[in-house]
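The values are calculated or read from the model by the stated rules, or taken from the named source; none is laboratory data. Bear in mind that the values here come from a model prediction, so they are computed numbers and not experimental data. Here the Cβ positions follow ideal geometry from the backbone for every residue, glycine too, while neighbour counts run over all protein chains shown.
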Amino acid sequence: MSQYLLLRHREIPEISRLEVYRQHGGFEAFQKAVTTMTPEQVTEVVKASGLRGRGGAGFPTGLKWSFMDRKSWPHYVVANADESEPGTFKDREIMEGNPFQFLEGVAIASYAVGAQRAYIYIRGEYQHIARWLDEKIAEMEAAGLLGEKLFGTDYSLRIYTHLGAGAYICGEETALLESLEGKRGQPRVRPPFPPTFGLYGKPTVVNNVETLTNVPLIVQNGAEWYRSMGTPDAPGVKIFSLSGRVKRPGSYELPFGVTFRQLIYEYGGGILDDRPIKAIMPAGASSSLLRVDDRVLDTPLDYAALRQFGSDLGSASVIVIDDTVSIDWVIQKTIRFFKHESCGKCTPCREGTYWMKHLIDRIRKNGKEEKQVKLLLDVARQIQGKCLCALGEFSTMAVVSGIERFPEDFRETVLEGVPG
Amino acid sequence: MSLAQKYSQEIQAIFAKYPPEQKRSAIMSLLYLAQREEGYISQEAMKEIADMLEISVTEVAGVAGFYTLFHRQKEGKYRIQVCTDLPCALRGADSFLQELAQALGVRPGETTPDGRFTLEEVMCVGACHRAPVFQVQHGDTITFHENMSLEEALAVLKKLE
């Protein structure tokens, strides 16, 4: 059995060429779906597989597809390739290395929800990938895998890329849709959700790149096969983006149920300079910081497992922090990021991130006065639960967990080099 | 020369991506085009895009101002954008930026006196495992440079004409 389901280019280096992808079973699943299955049957297989969204929220994919409003047409599929969370770089490798499997996933999803037009929203920094996918889409059109009346049926499909221009918020699905419509990327009030009111006000499924790349294999091999990997809570495989103070940072495709210890020490080669590990951010900059002990290191990872520690797996963007790093510095970095990326729509996020930045800069500069740290914690808590989208919440996760779980890093210290 | 004259075929291809009644979706691609030659979006270009899309110039400016890869001011020919977000900073990006700034003789945000390079500190570019990393934004193109040392970075910059 091959080691990879998603990062297959690591085993089959030429899989980004159409003929090679097809030699390895490429587009058989799409043809099977269009010629032998109803859209509902495709949705049912994906539902039965237990596939959950890989963009961070972990929402069941098939269920999302089944929510599409069948009274309103046309339908759209939008692939979320806006990957912008600090610590996340997995979708990029899929699209660079194994582009056709991702595009086949887009095609199958489109068939399943009755969409004849699909968009891939790619972050502006990945311009080279957008051009690359444009070439691959043209090859599919030339080979009769996209276009009118596919495989002799009445089903037609076109896929287009759409380049973003540098805005983390556009990874949020309703902000992404606004941006795709040519507006500022600011989140919409939900409900209605995209399967009812999405792109151009029409029913739309928004799925992450990695999620979609799983789909051809599920349709080809069946739900049972997929469920034989991973955990009951999260069947299948996940790409972990490993970064920070590890010896071998990178993307690791592993079944759910792997532990942090395996990921960091076995695959990642351990901590730089063999220092002790101090903290883990399992879901990028928006994570709650985990204070590391054996229990955390040896817990089989899935979405449910990390909630018991008060954190989340999210998109599995694992940032590793060692004992040379102080947590007040960490949250200064995350606050700076979220302040910059706040879209400005909701006051608690727009103003709150401004004040958090002001406070952490002051604390880092003038010393950790208890009063200031308490105020920072207070501002963070006031943002929580008051914003339209998750970004507001995200901006507070490391702040609150950092101060609560690493109090020693926020205790008043006598500044070095300051007399008296 | 107007954008429509200069890039008529490309503009046609951009509009073909979206339903005819949704041409506003083309705005980001058009803004990239407008940025191709000078590295920033002029007032005239915004006016032209507004006319093409049948929206107000204010709306175009609102979009152009929202996204960090669009620029309203002329700066250096090449924008050297160093990521100093948390994962990169854990792998030395802060000191890399400082060294690069020193070598170029500017502070982040400033342009070299010869007008070639503007050094910028940017948010995550999606290359956390290959830090230190910077991207070069030039016209409407972006190029990644990963796993950089100061010497390698300076060699990259030297090759840019």
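What the table below lists for this structure:
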read-out: Criterion: crowded, with 18+ Cβ neighbours inside 10 Å, in the same structural domain as residue B:153 (by TED's automatic domain parsing) and touching a residue at least 24 places away in the same chain (Cβ under 8 Å) - qualifying residue of B:31, B:97; value: B:97
read-out: Helices (runs of 4 or more DSSP H) enclosed by segment B:7-120 - at least 3 residues per element that are of a type outside the set (D, E, K, R), within 17 Å of residue A:127 (Cβ to Cβ) and facing another protein chain (nearest Cβ under 10 Å); value: B:27-35
read-out: Per-region count, segment A:326-343, residues more than 30 Å from residue A:255 (Cβ to Cβ) and among the β-branched types (Val, Ile, Thr); value: 3
read-out: Criterion: assigned to a strand (DSSP E or B) and either loosely packed, with under 15 Cβ neighbours inside 10 Å or among the hydrophobic types (A, V, I, L, M, F, W, C) (or both) - qualifying residue of A:34, A:42, A:78; value: A:78
read-out: Segment A:169-195 - residue that is within 7 Å of another protein chain (Cβ to nearest Cβ) and either over 19 Å from residue B:55 (Cβ atoms) or within 19 Å of the chain's Cα centre (by Cα) (or both) and, of those, surrounded by the fewest Cβ atoms within 10 Å (Cβ to Cβ); value: A:180
read-out: Selection from segment A:154-187 of residues that are closer than 20 Å to residue A:113 by Cβ and without any contact (Cβ under 8 Å) to a residue 60 or more places away in the chain; value: A:154, A:156, A:157, A:158, A:159, A:160, A:161, A:162, A:181
read-out: Number of the condition not met by residue A:308 [criteria: (1) away from every other protein chain (no Cβ under 14 Å); (2) more than 30 Å from residue B:66 (Cα to Cα); (3) buried (at least 16 other Cβ atoms within 10 Å of the Cβ)]; value: (3)
read-out: Segment A:120-159, subset closer than 22 Å to residue B:35 by Cα and of a type in the set (Phe, Trp, Tyr), residue farthest from the other protein chains (Cβ to nearest Cβ); value: A:132
